[in-house]
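The values are calculated or read from the model by the stated rules, or taken from the named source; none is laboratory data. Being a predicted model, the structure only gives us computed values, none of them experimental. No Cβ is skipped: glycine too gets one built from the backbone with ideal geometry, and neighbour counts run over all protein chains shown.
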Amino acid sequence: MKGEQVVVMTANPIIELEQDHLVQSYKRPPFVLTHGKGVTLFDSNGNAYTDWVAGIAVNALGYADPGLNHALQEAAGGLIHTSNLYYTAPQAELAAMLVEKSFADRVFLSNSGTEANEGAIKFARKVAKDSGQPDKTKIVAFSHAFHGRTMGSLALTPKEKYQAPFQPLLPDVEIIEFNDIAAAESAIDDRTCAVFVEPVQGEGGIHAAATEFLQALRRLCDQHNALLIFDEIQCGLGRTGTLWAYEHSGVIPDIMTLAKPLAGGLPAGAILTTEEVASHIHPGDHGTTFGGGPFVTSVACYVVDRISQPEFLEHVAEVGNYLMDRLSEINSPLIVDVRGRGLMVGLELSVDVSAIITAGYEHGLLMVNAGTNIIRFVPPLIVDKPQVDTLVETLTAILAEQGEQTNG
């Protein structure tokens, strides 16, 4: 209203409030984000940042998107929550949309990626139990994987820092080398109920699974009556330039887990399954209070429809290729490799990237790592070539400065 003054807290009191009251499980840079537009975020001091993180591959449509805002407003006019005791239209419509656009026959809706993976573990164990083999409990996962931080999914995430404080974890998990067919042939046997794999590893450093490797996993799972489970929580739903990352190989899983971009920033996850798997899950076998709520699923319907449009996916593939080409042009002795698919790109360096990410804040860039020496670029899927050019120009200067400091 005219004459009204908007009071905005400055950064320091907010940071102090956080440090006094929140569990200190995160390290954050010393600014407070307040709003965004397109692929740009702003802090409480008015500084602008081009966002190459997207809330860790979540905000696929960026910020203040008119279509997403309309979907949110429309959803808010309906039901917020009913629980899964009752039918609601948005939940059924989202499930039908995901089935129509994927290999799946049925969907279970959850609140997050780690919840989706926990559910997939339960589904696999239930299918195996129903086969009359009580000792068919082994799960095979891979080096550098990231499947979540709850106790089951954490057991599939072989990083000492994440696992050590919380052991013992879920038993009967075997971790083998990613993209190693011989290792898979040795590990996957008749005691295996499931094989979990990311078609493109995110947290582990932006490593794509080779087509031959995924084909071998499919063959071995069929041979030993195990479920092949694709974790597309980060690499799915448009991120790699196709709607699903499995499309690059043509290998079809039995279960696929989704989350991050599914509801445009609202918490949502999903387990997509074949009819064969779903036929083993009965009332009482799994549940969630909030998963599939009408508000979230209404927004998710808009997001999935928008991202699945051919022209949208073509844009992701085109700009993703441009991003990799431009990053490859940077002349820096610190660069080891550039790799990725679509707008999921890793820049591997010969040094710890934390100082480079910190320097990015001073130059108006938000970036995130994937391990110690890899910068992970997972921007909003609406990012365009001029923003790529600005990134490369700025990053070139930062790397030159870091290189001088390293040599000095």
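Things to note:
- Of the residues making up the stretch 144-177, just one is within 21 Å of the chain's Cα centre (by Cα) and in a strand (DSSP E or B), namely I175.
- Qualifying position, being under 30 Å from E314 (Cβ atoms), outside any helix (DSSP H, G or I), modelled with pLDDT of 95 or more and in contact with a His (Cβ under 9 Å, 6 or more places away or on another chain), among G236, G241, G250: G241
- The condition (being in contact with an Asp or Glu (Cβ under 9 Å, 6 or more places away or on another chain) and in contact (Cβ under 8 Å) with a residue 40 or more places away in the chain) is satisfied by just one residue among F146, F108: F146.
- Checking the stretch 61-73 against the condition returns a match, with at least one residue being on the phi > 0 side of the Ramachandran plot, modelled with pLDDT of 95 or more and not polar (S, T, N, Q).
- Just one of the numbered conditions (1) surrounded by 17 or more Cβ atoms within 10 Å (Cβ to Cβ); (2) more than 21 Å from the chain's Cα centre (by Cα); (3) among the acidic types (D, E) is not true of D231: (2).
- Taken over the stretch 47-62, the residue count meeting the criterion of being closer than 22 Å to T394 by Cα, in a loop (DSSP other than H, G, I, E, B) and among the small types (G, A, S) is 1.
- Enumeration of residues in the stretch 319-331 that are of a type in the set (D, E, K, R) and either without any contact (Cβ under 8 Å) to a residue 60 or more places away in the chain or assigned to a loop (DSSP other than H, G, I, E, B) (or both): D325, E329
- Within this structure, R219 fails the test of being touching a residue at least 40 places away in the same chain (Cβ under 8 Å), surrounded by fewer than 24 Cβ atoms within 10 Å (Cβ to Cβ) and either over 23 Å from the mean Cα position of the chain (by Cα) or in the same structural domain as A317 (by TED's automatic domain parsing) (or both).
- Residue ID - surrounded by the fewest Cβ atoms within 10 Å (Cβ to Cβ), chosen from residues in the stretch 71-97 that are of a type in the set (A, V, I, L, M, F, W, C) and in a loop (DSSP other than H, G, I, E, B): L85
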